[in-house]
Amino acid sequence: MVSRRGYLSRAAVSTVAGYGLLSNGATLGRAETTGSTGTEPTTYEYEPPALLGHARPLGGGDGYEAVAGTAYDGPMGTLTAGPTVRRTDATVVVESPGELMDAADAAGPGDVIWLAETTFDFTHTDLGYDEAVELGTDVTLASGRGVSGNGAVLYTAQEKQPLVRVVGDGARITGVRFETPWTHYVTKSDWETLITATSVGVEADDVEIDNCVLRGALHAGIEVGRHATDDDYPTNLHVHHNEFVDNACYWLGYGVVVFQGEPYIHHNYFDHNRHAIAGDGKTGCSYHAEHNLVGEHAVHHRFDMHDHSEITGDPADAGAGTRLTVRNNTFLHGTDVRKSNTKRGAVGIRGVPRDAGAIERNLLAYPTWSDRERFDNEMGTAFWIRSPVEDVNSFAEAGIAKTENRLGEALPDRVGVDGEALLPVSEMAVVGTGNSTDYHLSVSGALSPSDNLEDASGEDWAGRASASGNVKWMSDNYRFTGDLQTFDVVSGDSSIDIWVDGERYAPSDFSSPFSTESTGLPSELSVIGPGDRTDYRLQVSGAIRGTDNVEAAEGDGAFEKVAEGSVNWYSDNYEFSGFLTDVEVLSGAPELTLWVDGRKLTSADF
């Protein structure tokens, strides 16, 4: 099939393939064609974390068929993943860029364009810089990533804005890989010789982009609503189970960027992007990001929302978009790929949303001290907010709910997110014998109560990494990640049964965190005396107990979650499980110094 655009076949240009061209036709120099072939898996600049393998089908690929038809309840309501698409569902099968362009021109509602598993090299087609393969209403562009192979590769070494443009409501792109040669970090000097490149542009409603790889875009893997208006912008955009990797460019370089629109972005893997997600800040610019995994290779903070006045220079345009949600995501601690000793933040909001915002229940492999909100220096700060127009010093002042986010440098190897299977989830039941029995247990990951807690109103407590409870006739049930590490019968019947994933255990099968034979709780903490008697209270998410050299042993009491004490010239030392969640100075010096697992902190950090 010959394209009306006069496609020049790959064979005819094999001697010049791989050159990047500027819009004026000047040769930029050698841009090696390093993209994957249609039969090889994609190789990234940086090895993905082992956590991604445990988290599948997050990011798509292997196991993705299980996602088909799943309904996801998000801030925009319920969005349902589309069905699995196979070659046998195709209206037309294409094997070259020319065939794809013709098929897209001819496609009507309900048509499925199947991309054969090969590389579609658009470098030397006659598509202009701002011309694109356009998908119309209810048209599906599909290939077999994770379903029947590695999926087709749509590749270009020529800047495009964008390569594929979705202009019809209800269109879908699934199982496709988008690649360019610009997978390394593109420096300022290189960027100044290039024109922006985007893989997919969305200008329609009810669009689904799933199970794709979007890699090497100078501008963005997906851009939303570039040509939208305040009254007409894409809605119900469903972006899920994709991998956005190696979109790292000076000034630009986004996984997803929103001009105007409202995408639901969930169960994606992001790594080595300048910003994983960014917003322009206009009226009608919103995004909702949930259950995503963000890798450790960074250039700047990962999730971003501009104040639009920063872009226009007009204070009348102030506002950080309309709505934004950042919930139940996992952020590995971001190391700047340009400077290995520089850490980058997780979420930066540059103004005040016009409607509402929420940053909730995220898991961050960041030190607890980095949750400081006010923008003084972005380096390493987990969350920060500032405004070029308004005097804003906290998320609360900006109307953004920031709650239940969990930080810790040992995360997330030990935990999942809010029951979400970033790590395998186990089921546990503590079964009563008819005798009232108090117990305490701890796990290496995260713990949450399941159904039928015998006295959920108060007698049983479910913590982040440990729980205390009482059983008599029935059972206490939990879900957890990691391993059951300790179990202690505090009082009552030591013969109670513990069932874990269908296997029965006895309390004696696990160490007791309070026994003298215990190897100890995993973390150490010292409260350093300031030279004046100072009373304090500590709280952890697991269990805590005093160890050696507690200065005032008679007055210091260590309980399951709370320890109170006083220090003067020496120190109080503890071991604990879980995370140090609160330090309160009750009297004496205004501030205390603490050492937690070799890291110096102060009470003001909590």
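Within the range 409-429, is even one residue at pLDDT 70 or above, in contact with an Asp or Glu (Cβ under 9 Å, 6 or more places away or on another chain), farther than 17 Å from residue 321 by Cα and surrounded by fewer than 15 Cβ atoms within 10 Å (Cβ to Cβ)? Steps first, please.
At the first step, the residues of the range 409-429 found to be at pLDDT 70 or above are 425-429.
Add one more test, that the residue is in contact with an Asp or Glu (Cβ under 9 Å, 6 or more places away or on another chain), and what stays is 426-429.
Then drop every residue that is not farther than 17 Å from residue 321 by Cα, which leaves 426-429.
Checking the rest, the ones that are also surrounded by fewer than 15 Cβ atoms within 10 Å (Cβ to Cβ) come to 427.
Yes.
From the set of residues in the range 387-408 that are touching a Lys or Arg at 6+ places or on another chain (Cβ under 6 Å) and either of a type in the set (Ser, Thr, Tyr) or open to solvent by 30 Å² or more (accessible area, probe 1.4 Å) (or both), which is modelled with the lowest pLDDT? Spell out how you get there, then give the answer.
Within the range 387-408, the first condition is being touching a Lys or Arg at 6+ places or on another chain (Cβ under 6 Å), and the residues that meet it are 393, 395, 404.
Of the ones still in play, those that are also either of a type in the set (Ser, Thr, Tyr) or open to solvent by 30 Å² or more (accessible area, probe 1.4 Å) (or both) are 393, 404.
On the way: 393: 81, 404: 85.
Looking at residues that are touching a Lys or Arg at 6+ places or on another chain (Cβ under 6 Å) and either of a type in the set (Ser, Thr, Tyr) or open to solvent by 30 Å² or more (accessible area, probe 1.4 Å) (or both), I get 393.
Would you check which residues across the range 155-189 are touching an Asp or Glu at 6+ places or on another chain (Cβ under 9 Å), of a type in the set (S, T, N, Q) and in contact (Cβ under 8 Å) with a residue 60 or more places away in the chain and list them?
174, 180, 183, listed by residue number.
Could you pull out the residue among 135, 127, 141, 154 that is at pLDDT below 95 and of a type in the set (A, V, I, L, M, F, W, C)?
Numbers: 135 fails: at pLDDT below 95; 141 fails: at pLDDT below 95; 154 fails: at pLDDT below 95.
Matching residue, one of 135, 127, 141, 154: 127.
Name every residue in the range 355-372 that is open to solvent by 30 Å² or more (accessible area, probe 1.4 Å) and among the aliphatic types (A, V, I, L, M), in order of residue number.
Scanning the range 355-372 gives a single hit, 356.
If I filter the range 554-569 down to residues being within 21 Å of residue 590 (Cβ to Cβ) and either β-branched (Val, Ile, Thr) or surrounded by 14 or more Cβ atoms within 10 Å (Cβ to Cβ) (or both), which single residue comes out as modelled with the lowest pLDDT?
556
With respect to residue 338, determine if the residue is under 30 Å from residue 231 (Cβ atoms) and either surrounded by fewer than 24 Cβ atoms within 10 Å (Cβ to Cβ) or of a type in the set (A, V, I, L, M) (or both).
Numbers: under 30 Å from residue 231 (Cβ atoms): no; either surrounded by fewer than 24 Cβ atoms within 10 Å (Cβ to Cβ) or of a type in the set (A, V, I, L, M) (or both): yes.
So residue 338 does not fit the description; no.
Taking the range 310-366 only, how many residues are more than 17 Å from residue 267 (Cα to Cα) and polar (S, T, N, Q)?
6
Within the range 40-77, restricting attention to residues that are within 21 Å of residue 174 (Cα to Cα) and aromatic (Phe, Trp, Tyr), which residue is least open to solvent (accessible area, probe 1.4 Å)?
Filtering the range 40-77 for residues that are within 21 Å of residue 174 (Cα to Cα) and aromatic (Phe, Trp, Tyr), the one least open to solvent (accessible area, probe 1.4 Å) comes out as 64.
Of all the strands (runs of 3 or more DSSP E) wholly in the range 434-546, which have at least 1 residues that are open to solvent by less than 20 Å² (accessible area, probe 1.4 Å) and modelled with pLDDT of 70 or more?
Numbers: elements: 437-443, 447-449, 466-471, 475-481, 484-491, 497-500, 503-505, 523-528, 534-540, 544-546.
The strands (runs of 3 or more DSSP E) meeting that bar are 437-443, 447-449, 466-471, 475-481, 484-491, 497-500, 523-528, 534-540, 544-546.
Taking the stated definitions as given, is residue 352 open to solvent by 10 Å² or more (accessible area, probe 1.4 Å), aliphatic (A, V, I, L, M) and under 30 Å from residue 317 (Cβ atoms)?
Working: open to solvent by 10 Å² or more (accessible area, probe 1.4 Å): yes; aliphatic (A, V, I, L, M): yes; under 30 Å from residue 317 (Cβ atoms): yes.
Answer is yes for this residue.
Please find, within the range 133-186, the residue that is farthest from residue 216 (Cα to Cα) out of those that are within 27 Å of the chain's Cα centre (by Cα) and among the basic types (Lys, Arg).
Here the residue is 172.
Would you say residue 588 is on the phi > 0 side of the Ramachandran plot, open to solvent by less than 70 Å² (accessible area, probe 1.4 Å), touching a Lys or Arg at 6+ places or on another chain (Cβ under 8 Å) and modelled with pLDDT of 90 or more?
Working: on the phi > 0 side of the Ramachandran plot: yes; open to solvent by less than 70 Å² (accessible area, probe 1.4 Å): yes; touching a Lys or Arg at 6+ places or on another chain (Cβ under 8 Å): yes; modelled with pLDDT of 90 or more: yes.
Yes, satisfied.
Tell me whether the range 319-326 contains one or more residues that are touching a Cys at 6+ places or on another chain (Cβ under 7 Å) and either surrounded by 15 or more Cβ atoms within 10 Å (Cβ to Cβ) or modelled with pLDDT of 85 or more (or both). Explain how you work it out, then say what you get.
As a first pass, look at the range 319-326 and keep what is touching a Cys at 6+ places or on another chain (Cβ under 7 Å): 321-322.
Those still in the list that are either surrounded by 15 or more Cβ atoms within 10 Å (Cβ to Cβ) or modelled with pLDDT of 85 or more (or both) too: 321-322.
Within the range 319-326, one or more residues are touching a Cys at 6+ places or on another chain (Cβ under 7 Å) and either surrounded by 15 or more Cβ atoms within 10 Å (Cβ to Cβ) or modelled with pLDDT of 85 or more (or both).
Every residue in the range 194-235 that is surrounded by fewer than 24 Cβ atoms within 10 Å (Cβ to Cβ), among the aliphatic types (A, V, I, L, M) and modelled with pLDDT of 95 or more, please.
Across the range 194-235, the qualifying residue is only 204.
If you scan the range 135-165, which residues turn out to be farther than 26 Å from residue 206 by Cβ and of a type in the set (Asp, Glu)?
159
Could we say that residue 314 is over 30 Å from residue 43 (Cβ atoms) and at pLDDT 90 or above here?
Details: over 30 Å from residue 43 (Cβ atoms): yes; at pLDDT 90 or above: no.
The answer is no for residue 314.
Can you name the residue in the range 169-193 that is modelled with pLDDT of 95 or more, part of a loop (DSSP other than H, G, I, E, B) and of a type outside the set (Val, Ile, Thr) and, of all such residues, is surrounded by the most Cβ atoms within 10 Å (Cβ to Cβ)?
175
The values are calculated or read from the model by the stated rules, or taken from the named source; none is laboratory data. What you see is a predicted model; the values in this text were computed from it and never measured. Note that we place each Cβ from the backbone using ideal geometry, even for glycine, and neighbour counts take in every protein chain shown. Note: accessible area is taken over every heavy atom of the protein model, side chains too, but ligands, DNA and RNA are not part of it. Shrake-Rupley method; radii C 1.70, N 1.55, O 1.52, S 1.80 Å.
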